[in-house]
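The values are calculated or read from the model by the stated rules, or taken from the named source; none is laboratory data. All figures in this text were calculated on a predicted structure; none of them were measured in a lab. A quick note on method: Cβ atoms are made from the backbone with ideal geometry, for glycine too, and the neighbour counts reach across all protein chains shown. The accessibility values were calculated without ligands, DNA or RNA, using every heavy atom of the protein model including side chains. Shrake-Rupley method; radii C 1.70, N 1.55, O 1.52, S 1.80 Å.
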Amino acid sequence: SQGAITIDGIDVKDMTQNSLRGLLGLVTQDSILFNDTIRENLLIGKEDATDKEIIAALKVANAWEFVKELPKGIDTNIGDSGNKLSGGQKQRLSIARALLTPCDLIIMDNVLSAVDYETERKILKSVFAEINDKSLLVVSHRISALEKMDEILVLEHGKVIGKGTHAQLLRTSDYYRETWELQQHD
């Protein structure tokens with residue numbers, strides 16, 4: 001109800017919807033995919049992307065391994081909402097699309113929930129290595145997805161109750177530390 005969200009010092013309320021959207025690559029928990037090929041779904045992120053760029057994005061998102069095994073590779077139709085794919089495969093395609101998007105900020109909203117921890121680590125390692133000039137905002141309930149972040153905000157009932165790096169929060173936030181310890185046993 002108060003405060004402001006700014007990007008490069010500009011309040012988002014002062015931006016047009018198109019200019020704001022042009023700054024963002026968005027990956028949601030429920031992947032938004034269309035009844036078309038993998039190529040066409042990724043071209044939504046960058047209309048003029050080459051096959052080389054598409055494959056590179058798929059590799060970073062840890063999706064190339066399964067895509068190259070599909071009957072028609074990137075030209076395989078994935079069905080309504082991507083229903084021919086698993087949840088984790090759909091999320092990885094959404095990540096690849098966001099990586100292709102010429103943007104300054106990628107927002108990942110609980111997107112790694114449908115992948116196992118090992119795949120999550122591979123994806124995050126690759127994404128961190130490739131987003132040199134982009135900012136990454138990750139919303140997650142899994143602390144393992146946040147451990148390498150420069151800054152973590154801990155929210156409880158809509159209020160910030162902790163702020164810092166993973167190591168700092170383990171020392172200063174009981175809530176964060178207890179959640180992290182519980183997740184170590186999953």
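A few points about this structure:
- Inter-probe distance in nm under a simple model that places probes 7 Å from Cα toward Cβ, at ILE44 and ASP11: 3.2
- Dipole magnitude of the chain about its Cα centre (Cβ charges: Lys, Arg +1; Asp, Glu -1), debye to nearest 20: 200
- Rounded to whole Hz, the Karplus (6.51, -1.76, 1.60) HN-Hα couplings of segment 24-34, x for glycine and proline: 10, x, 10, 10, 9, 4, 8, 4, 9, 10, 10
- Residue-span extension gain [MET149 to TYR117] - 0.36 nm each, minus C-alpha spacing: 9.9 nm
- Normalised contact order of segment 41-109, rounded percent, pairs of Cα under 8 Å and 6 or more residues apart: 51
- Stretched out straight at 0.36 nm per residue, the stretch from LYS52 to PHE34 would grow longer than its current Cα-Cα span by 4.3 nm.
- Label-to-label distance, nm, for residues given as GLU178 and LEU20 (7 Å Cα→Cβ offset): 3.6
- Between LYS72 and THR165, the simple spin-label model (points 7 angstrom out along Cα→Cβ) gives 4.9 nm.
- Surface share of carbon and sulfur [accessible, 1.4 angstrom probe, percent] for the chain: 49
- Applying a threshold of 31 Å to the alpha-carbon distances of LYS68/LYS134; LYS52/LYS163; LYS46/LYS72; LYS13/LYS84; LYS84/LYS148; LYS13/LYS68 flags LYS52/LYS163; LYS13/LYS84; LYS84/LYS148; LYS13/LYS68 as lying beyond it.
- Where segment 30-186 is the region considered: accessible area per residue in Å², 1.4 Å probe: 57
- On Cα atoms only, tilt of 87-100 relative to the major axis of the chain in degrees: 90
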